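Every number here is computed from the coordinates shown, using simple stated rules; none is lab data. Being a predicted model, the structure only gives us computed values, none of them experimental. Cβ placement follows ideal geometry from the backbone for every residue including glycine, while neighbour counts extend to all protein chains displayed.
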Amino acid sequence: MADIVPTRSAYLDLQDERRSMQEGYRFLDEKRLVLAGEIIGQLDAYGAARRDFDRLYAEAIAALRLAVRRHGLEDLQCYPAQRLAHAEVEKRTRSVLGVRVAEATFNASRAETPPAVFPSPEAEHCRRLFQKVLEKSADLAAGAGNLQRLWNEYRRTARRARALEDVLLPEMEQTLRLIDAGLEEQDREEAIRVRYFRQIRRG
């Protein structure tokens with residue numbers, strides 16, 4: 001920018017460009033605030049979902065220990081798993097300044113499962129708990145994805161805002177000052193020439 005010839009038109013063009021940069025910076029700054037607020041909300045929701053998941057997973061592991069104690073590891077591996085007639089992850093999405101934020105729910109309908117040769121309450125309870133763990137994991141995965149996408153967009157927005165604030169706008173201000181100083185120098189030279197020619201005509 002420092003190589004620009006100091007002219008009135010260049011000065012006005014740079015002022016317009018500076019206004020555009022300032023508007024862009026204000027937009028990016030507001031976007032940072034909105035994204036930060038959404039990240040905080042998503043963190044709270046993810047934290048609650050993760051606590052529920054960890055509690056349920058711990059219960060499932062405890063139930064697994066009891067089932068292994070009752071059947072032994074090899075016999076428990078032969079225990080019939082719950083069959084599903086239909087299973088899908090239902091997703092609902094919304095946009096936060098162009099960033100996709102999703103909610104996910106695991107929907108499944110159970111099918112008839114073959115009876116176990118040696119059924120037990122411990123094994124049935126273990127199976128039910130791990131089914132719930134699977135259902136909870138969909139919402140948890142959606143929350144983790146939301147946080148990653150929001151954080152990536154926040155970092156990109158923050159980098160652009162810092163580039164405008166710390167580099168481009170200061171460079172623009174410096175160039176405008178140089179052009180302004182050059183225009184003042186041209187005005188002084190022009191005034192000196194005018195006085196000089198007036199003196200010549202009078203002389």
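Select from the range 78-94 the residues that are touching a residue at least 12 places away in the same chain (Cβ under 8 Å) and polar (S, T, N, Q) and list them in ascending order. Matches in the range 78-94: Q82 only. You will find that of V99, V68, the residue that is touching a Leu at 6+ places or on another chain (Cβ under 6 Å) and within 13 Å of N146 (Cβ to Cβ) is V99 and no other. Screening the range 59-98 for residues that are in contact with a Lys or Arg (Cβ under 9 Å, 6 or more places away or on another chain) and among the polar types (S, T, N, Q) and picking the one that is surrounded by the most Cβ atoms within 10 Å (Cβ to Cβ) gives Q82. Exactly one residue out of A191, A141 is more than 30 Å from F106 (Cβ to Cβ), among the hydrophobic types (A, V, I, L, M, F, W, C) and assigned to a helix (DSSP H, G or I): that is A191. Applying the criterion of being of a type in the set (V, I, T) and crowded, with 16+ Cβ neighbours inside 10 Å to the residues of the range 158-185, the residue that is farthest from V89 (Cα to Cα) is I179. Looking only at residues in the range 35-90 that are of a type in the set (F, W, Y) and assigned to a helix (DSSP H, G or I), the one that is nearest to V117 (Cα to Cα) is Y57.
What pairs come out if I take residues in the range 26-51 that are at positive phi and pair them with residues that are crowded, with 17+ Cβ neighbours inside 10 Å and basic (K, R) whose C-beta lies under 7 Å away, six or more apart or interchain? Final answer for the pair search is none.
Exactly one residue among R155, R149 is assigned to a helix (DSSP H, G or I), surrounded by 13 or more Cβ atoms within 10 Å (Cβ to Cβ) and of a type in the set (D, E, K, R), and that residue is R149. The residues in the range 103-129 that are more than 19 Å from L64 (Cβ to Cβ) and surrounded by 16 or more Cβ atoms within 10 Å (Cβ to Cβ) can be counted, and the count is 2.
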